[in-house]
Structures are given as C-alpha cells and as structure tokens.
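What follows is a short report on a single structure.
The values are calculated or read from the model by the stated rules, or taken from the named source; none is laboratory data. Since the model is a prediction, treat every value here as computed from it, not as a measurement. As a convention, Cβ positions derive from the backbone with ideal geometry for all residues, glycine included, and neighbour counts pool all protein chains shown.
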Amino acid sequence: MSLFRKLFGSKFDPPKKSSSSDERGRHMPKIDVPVDERFMIAFKENGGKFLYCTDLEEIHTNFNSILEETNWNKEEGYIYSKSIKKTFKKVNLQLTNDLEKASYFVTPIEALIAENGALLISSNQIAEKKINDYPNNIIAYATTSQIVHNISDGLSGIKQKNAPKIPTNITTIKNFKEEQEESFLTYGSSAKNVYLLLLEDL
C-alpha cells in the first residue's frame, strides 16, 4: 500500500459534511469528540500528514517509507535531540551538523495541541534558533499521551516536566499551508511540510 494512501486513509479522517436534513439543531448539545481525534482532524486540515503506529518497529518502518517516497534517503538530515538519535539509531540515516545542508529535520515535540492541530516545541528541540532556521521538511515523533486540549495545557505540561529549569524559546508549528494565518507563537515562521509519526502509548 502506498505510504500516502496510509497517510490519508486514517481512521481519523475528518467526517464528511452531512446534508441539511442531518444537521444538528443549534440548541442541541455539542458532540464530545475524543481529544486524539480532534487533534488528528485539525492537524490534517492544517495540511499535516501523519502515520499512526502501535510500536517502535512500525515507527522505524514508516520512517523509512517516508524517506524512500520523498527521496530524502538520498539527502542529509538534521537531528538536534539526543533522544531522537537514540530512537532512530537502528535506521541508516545520513546526517549533517550543518542546518543549511539539511533537507529534512527529525525531532520530538513537547505536546500536540488538539484545538488547532499544532505541534508545541521548545529549546529542548530547536535550541535557541527560530523554527524558520530549520529545513522546511520536518519529521516529528510523538506519542498519544502528549495530546492535550489547548496551548495552555501544553505550557503547563512543559513546566511540570522540566521543573525547576523551564525551557525557553517555546513556539508552535502549525503552518503547513502557505495561507495559514500567523499568531504570536508562529510569527516569522514559514509554512512547513510536516510528517508526524504518532506512537500509541495509552
């Protein structure tokens, strides 16, 4: 099966628009969509591409599939995070320490934001550089337990996980299409081509 068919054939595909006869009344209570499904819908509406994985072996398999189908396996990538280098140590990667030479960037994230489908990152992932300094092609690695409702929840999680030393340079990646509007957390960042490898850990 094509990687891209897997990417866009997920069970988290946005629901099709219903006909007017099926629409809920304005005074009916809102349907409570699970937080993981809300993230997937928003992430894909932003233009992001994801693969849902059940174990690390599947993570490695799908990671290699992304590299092959984009021809990035012939290019050099960049990894800043030591934990990501350890996660993908069994994958044959061509890496560079020069950001300007890198065709893609592999990174973990701090949190996945359900309300807008954004990736929350900090200096733990990008040091003190701007996200715009990194390659436009990003392969992000995260787990389902990192999905939170909103940015406030994500920031709280960063503080709890990293206390007493809170990371700096906190920002979001959510511009997966050129027409996305900027916010104070994405100001000055260009649209990114993002693939998300999501590991089920709940």
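Tell me whether segment 86-94 contains one or more residues that are closer than 20 Å to A42 by Cβ and touching a Lys or Arg at 6+ places or on another chain (Cβ under 9 Å).
Let us first name the residues in segment 86-94 that are closer than 20 Å to A42 by Cβ, namely none.
Among the residues of segment 86-94, not one is closer than 20 Å to A42 by Cβ and touching a Lys or Arg at 6+ places or on another chain (Cβ under 9 Å), which makes the answer no.
Filter segment 53-74 down to the residues that are of a type in the set (S, T, Y) and assigned to a helix (DSSP H, G or I), then identify the one that is surrounded by the fewest Cβ atoms within 10 Å (Cβ to Cβ).
If we filter segment 53-74 for residues that are of a type in the set (S, T, Y), which is where we start, we get 54, 61, 65, 70.
Narrowing further to those that are assigned to a helix (DSSP H, G or I): 61, 65, 70.
Numbers: T61: 13, S65: 17, T70: 17.
If we take residues in segment 53-74 being of a type in the set (S, T, Y) and assigned to a helix (DSSP H, G or I), then T61 is surrounded by the fewest Cβ atoms within 10 Å (Cβ to Cβ).
Tell me which residues, restricted to segment 75-87, are outside any helix (DSSP H, G or I) and of a type outside the set (A, V, I, L, M). Full working, then the answer.
Of segment 75-87, the ones outside any helix (DSSP H, G or I) are 75-81.
Scanning segment 75-87 gives E75, E76, G77, Y78, Y80, S81.
In this structure, does I147 turn out to be modelled with pLDDT of 95 or more, surrounded by 13 or more Cβ atoms within 10 Å (Cβ to Cβ), in contact with an Asp or Glu (Cβ under 9 Å, 6 or more places away or on another chain) and hydrophobic (A, V, I, L, M, F, W, C)? Let's see the steps before the verdict.
Values: modelled with pLDDT of 95 or more: yes; surrounded by 13 or more Cβ atoms within 10 Å (Cβ to Cβ): yes; in contact with an Asp or Glu (Cβ under 9 Å, 6 or more places away or on another chain): yes; hydrophobic (A, V, I, L, M, F, W, C): yes.
Yes.
One residue is enough: does segment 174-181 have a residue meeting the conditions within 17 Å of I79 (Cα to Cα), under 16 Å from the mean Cα position of the chain (by Cα) and not acidic (D, E)? Let's see the steps before the verdict.
Initially, segment 174-181 is screened for residues within 17 Å of I79 (Cα to Cα), giving none.
The answer is no, given that none of the residues of segment 174-181 is within 17 Å of I79 (Cα to Cα), under 16 Å from the mean Cα position of the chain (by Cα) and not acidic (D, E).
To keep it simple, each residue is scored yes or no on (1) among the small types (G, A, S); (2) more than 20 Å from the chain's Cα centre (by Cα); (3) surrounded by 13 or more Cβ atoms within 10 Å (Cβ to Cβ); (4) at pLDDT below 95.
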residue	(1), (2), (3), (4)
E76	no, yes, yes, no
F88	no, no, yes, yes
A102	yes, no, yes, no
F105	no, no, yes, no
I109	no, no, yes, no
A114	yes, no, yes, no
L120	no, no, yes, no
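Counting only residues that are of a type in the set (S, T, Y) and part of a loop (DSSP other than H, G, I, E, B), which one in segment 88-116 is farthest from Q146 (Cα to Cα)?
Let us first name the residues in segment 88-116 that are of a type in the set (S, T, Y), namely 96, 103-104, 107.
Narrowing the set further to residues that are part of a loop (DSSP other than H, G, I, E, B) leaves 96, 103.
Details: T96: 28, S103: 27 Å.
The extreme case among them is T96.
Restricting attention to segment 24-36, does a residue exist that is surrounded by 10 or more Cβ atoms within 10 Å (Cβ to Cβ), within 30 Å of D133 (Cα to Cα), among the aliphatic types (A, V, I, L, M) and at pLDDT 60 or above? Show your work before the answer.
Quick first cut of segment 24-36, residues surrounded by 10 or more Cβ atoms within 10 Å (Cβ to Cβ) only: 24, 33-36.
Imposing the further condition that a residue be within 30 Å of D133 (Cα to Cα) reduces the set to 36.
Still in the running and among the aliphatic types (A, V, I, L, M): none.
No - not one qualifying residue is present in segment 24-36.
Look at T61 and say whether it is over 24 Å from G154 (Cβ atoms), in contact (Cβ under 8 Å) with a residue 60 or more places away in the chain and over 16 Å from the mean Cα position of the chain (by Cα).
Details: over 24 Å from G154 (Cβ atoms): yes; in contact (Cβ under 8 Å) with a residue 60 or more places away in the chain: no; over 16 Å from the mean Cα position of the chain (by Cα): yes.
Spelling it out, it is not the case that T61 is over 24 Å from G154 (Cβ atoms), in contact (Cβ under 8 Å) with a residue 60 or more places away in the chain and over 16 Å from the mean Cα position of the chain (by Cα).
If you take the residues of segment 150-191 that are within 29 Å of L67 (Cα to Cα) and at pLDDT 90 or above, which of them is surrounded by the fewest Cβ atoms within 10 Å (Cβ to Cβ)?
Taking the candidates together, the pick is N169.
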